[in-house]
Each structure stands twice: as structure tokens, then as C-alpha cells.
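Take a look at the structure below.
Laboratory data are not the source of any read-out in this text; all were calculated from the coordinates shown. What you are looking at is a predicted structure, and each value in this text was computed from that prediction instead of being measured. Heads up, the Cβs are rebuilt from the backbone with ideal geometry, glycines too, and the neighbour counts pull from every protein chain shown.
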Amino acid sequence: MSPQQQQCPMADERVVLNPAFKADAPGQYARLRALGPIHRAEYHRGLTGWVVVGHDLAREALTHPALLKDSGPAAEQLAAAGFILNQPGVGLVDHMLDADPPKHTRLRRLVAGAFTPRRTAQLAPRIERIAHDLLDALPPAGETDLVEAFNGPLPVTVIAELLGIPQEHREDFRNWSAHALQVASPEHRSSLVGLRGLLRDLLLAKRRAPEDDLLSALVMAHDQENGRLSEAEVVGTAMLLIIAGHETTVNLLGNATLALLQNPDQLRLLRARPELLPGAVEEFLRHDTSVERSTNRYAAEDFELGGVTIARGSVVTIALGSAGHGASEARGENPLVLDVTRPNARHLAFGHGIHYCLGAPLARLEVSIALGALLSRVPELELAVPVDSLAWIPSGMMRGLLSLPVRYRTA
């Protein structure tokens, strides 16, 4: 028997990915990694499958040919669990993250040009202006919820301007997208329905009066593809860009700020040496990334992964944050230690393989600029509540704070 097989959990052991687990995700995943690289899991309303927690096995799973995005083999289990993310007309479907080649290749090509490093770098002056405008709006001193005052509005404004979302709709899509991936939230279904309806209306408006934005470009692509790009694919792609384009960054900013507040020596170092910010962002992605787990993959056939047999139709997810911690452990490092000067902060925060996040350059840029502005403009910043009273997103694949109350003084 291989070492991996010896470490695998007993067949009747099941990890329940509930709010209590998510509130202490780094500690819980550390316990699981000590037991083995893959574990049985219960996700939502009895939906079961496997979660990969080890770094090397995570990289393998993210590119394994037997793990596909086609949920057909698991359709019965998903329906029984009331899993609506996969339901046409309601859920987050018909987009590149939910597709296998060749459909994935075709859909990814549609938006790849908007997220190249060069195109992203051109957004830097506007991101800086947004960050400073938000800080200008703060009173000189006091208490605030940083998620509501800064971390949330900044990525919302960036992606809204990129897509061409009118100002009057931004609060709605911020609220809807915040709940769209929280599968246990009462607002889950209504948020998905609301977001789809808004986007359908906006895409119709862009067809009548196109502008220089990404939604207009998607409409033009639909009209020029002669049936190769469906209306549902246009809406699904727009939904994905909104949710993945800002909700992940909102959470990463919150996680990074909390990490700095808990490590004042690292905060002081980064404030004194802002040139460290690009590397520090990689450390934040490794230390406490905003996407706790990957989207679902489904076993197209029976196969072996990490010493266990995965049956056809099984749901498999990859714990991306745990994988980054596992890489640190493999080098003999303590993964819970924050080091903004870490020379090689290995992580899988943006995935691996054909589904590697297109928005990675934009996320890196936004977090670097936002933290740079916050540290330079707010010389005094501390938590306004005990750490153990902070509330985390209770369900779904995201890892982030619902609020971050702070006391501050601006420069």
C-alpha cells in the first residue's frame, strides 16, 4: 500500500464544509492535510463528494483528464441536493468556468483580450483615482466597516466601469453577486435570478446603443458569431465576469488587511517599503486567499486519485488555499506565518491549467494599488472588535469577511 493510501481517511469519515468549518478554514485544512491529501466531503444539503487538500495532488486534480466541468454524471445528486448553480435560466451556467473544451476554448477567447497584462496595466491610473476618492470620503478619524467603505466599493467600481454597468445598478449587482455563490444563503436563488435579469436588460440596451465597454463587446461578438455564441452564453459570461471580477478581490483585500492588522511588524514594513507590495500580494494569496475551494469538477469515469477510487459522477473540489499552505509545509515553513518578503510564495489561488483565472493580472493590480493607498493615507489603523468576533462568509467557495470594523486616522 502506498503512503498516500495509508494516510487516506477511513471510508466512513466525512468532512462537513459548514459555517463552523469555514470560520476556521486554515486550521481545519491543516488538520486534514496531516491525515492525507484527499478526503470525503459534504458540501450543501447532503451533496457529497471529495475535497483535495494537498498541494501536489491539487495540481494533478486541476488538470486531470477524468475530472470535467460537465455535470451530467452527477445531475441526479445535484438535483436531489437542490443545487441551483447548475440550473439553466437560474444559475451561473453557460460560461467558460463551467465548460470543457472546445466550448471552454471558444468562450475564453471572447474575453481574453480584455484581461491581458498590458490592457490591465492601462487601468492603473483609474484604479488609483478610485482608491483615493474612497479614502477622501472618510472622515479624518473614527470607526468604519472597511468592507463597506473601501474593500467593497473599489472592485465594484472597477469591474462596473470595465463592463459598462450604469451607476444606478451597481448597488444591486454588488448585493446580488455577494450572495450568488453562498449556496446556503436564503438570498442565493433570488440573487442569481436578479443578476441574470439585470444583465439580460443591459445587454439588450447595449445592442440598441453600444458603448466602449465589455458588455457591448460581448453583444457584438454574439451578433457576429452566426449562432456559435448563444444569448445564454453571453449572459453567463457576463455573470461570471461580475462575480469573479470583483467578489474575489473584495475578499482578498479584507483577508490581506486583517492579516496585516494581526501582524503589525509586517504592516510597518510594508508601509515603510511600498516597493514590496507586488511580492506581498503573492504572500496574501498564499496566506489567506479569497477562493477557498475551486468550482466543482465531476468524474467522467471511475479513476484513482491520491490513492482512493473516485467513482463516476462524483463531485470533486480542490481546496486552493490549503494547497498553498501545503506547498509551504513541504519546504519546512509554517504556513500560518505572514512574511511579505517571502521570495517564492507558491500558491494555487488562481487555479492551474486551462481554467487558470483570466482576471489574475487585474486582481493583483487592484490589491497592490488599494493596499498601497490605504497604508499611505491611513497611518493609524487597528481592529475595532476582537478577532474572534469577526464573521466569515458561511457557505460556498469564497473565503472572506462579512465586515471588518476598524478604528483609523487618515493622514
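Counting Lys +1, Arg +1, Asp -1, Glu -1, what net charge surrounds Ala244 among other residues with beta carbon under 15 Å of its beta carbon?
Overall, the nearby charge balance is +1.
So between Val16 and Arg273, what do we pick up on full extension, going 0.36 nm a residue minus the alpha carbon distance?
Contour length minus the Cα-Cα distance gives 88.3 nm.
Quick one: which of 268-277, 33-42 comes out on top by average Cβ neighbours within 10 Å, and what's the full order, highest first?
Taking the mean over residues of other Cβ atoms within 10 Å, the ranking is 33-42, 268-277.
If packing is taken as the average count of other Cβ atoms within 10 Å, what order do 286-298, 364-376 fall into, highest mean first?
Values: 286-298: 24.1, 364-376: 22.0.
The packing order, highest mean first, is 286-298, 364-376.
Just how far, in whole angstrom, is the stretch 302-362 from the stretch 232-288 if you go by their alpha carbon centroids?
The stretch 232-288 and the stretch 302-362 have Cα centres spaced 17 Å from each other.
Beta carbons within 10 angstrom, averaged per residue: use that to sort the peptides 401-409, 209-217, 50-58, highest first.
Highest to lowest by the protection proxy: 50-58, 401-409, 209-217.
Once you have the Cα-Cα distance between Asp133 and Ala384, take 0.36 nm times their residue separation minus that, and quote the gain in nm to one decimal.
88.0 nm
Would you kindly state how much longer the chain becomes between Ala232 and Asp201 on full extension, computed as 0.36 nm times their sequence separation minus their alpha carbon distance, in nm to one decimal?
Between Ala232 and Asp201, full extension yields 9.9 nm more.
Out of (i) 20.9, 65; (ii) 22.0, 74; (iii) 25.1, 78, which label holds the value of Rg and Dmax of the Cα atoms in Å that was computed here?
For Rg and Dmax of the Cα atoms in Å, the calculated option is (i).
Could you name the lysines in cross-link range of Lys103, using Cα to Cα under 23 Å and dropping any fewer than eight places away on the same chain?
The qualifying lysines are Lys69.
Let's test the formula: R0 of 30 Å, r as the Cβ-Cβ distance of Asp24 and Ser190. What FRET efficiency results, to the nearest 0.05? Don't jump to the answer; show the numbers that get you there.
Numbers: r = 29 Å, r/R0 = 0.97.
Step by step, r from the Cβ atoms, then E = 0.55.
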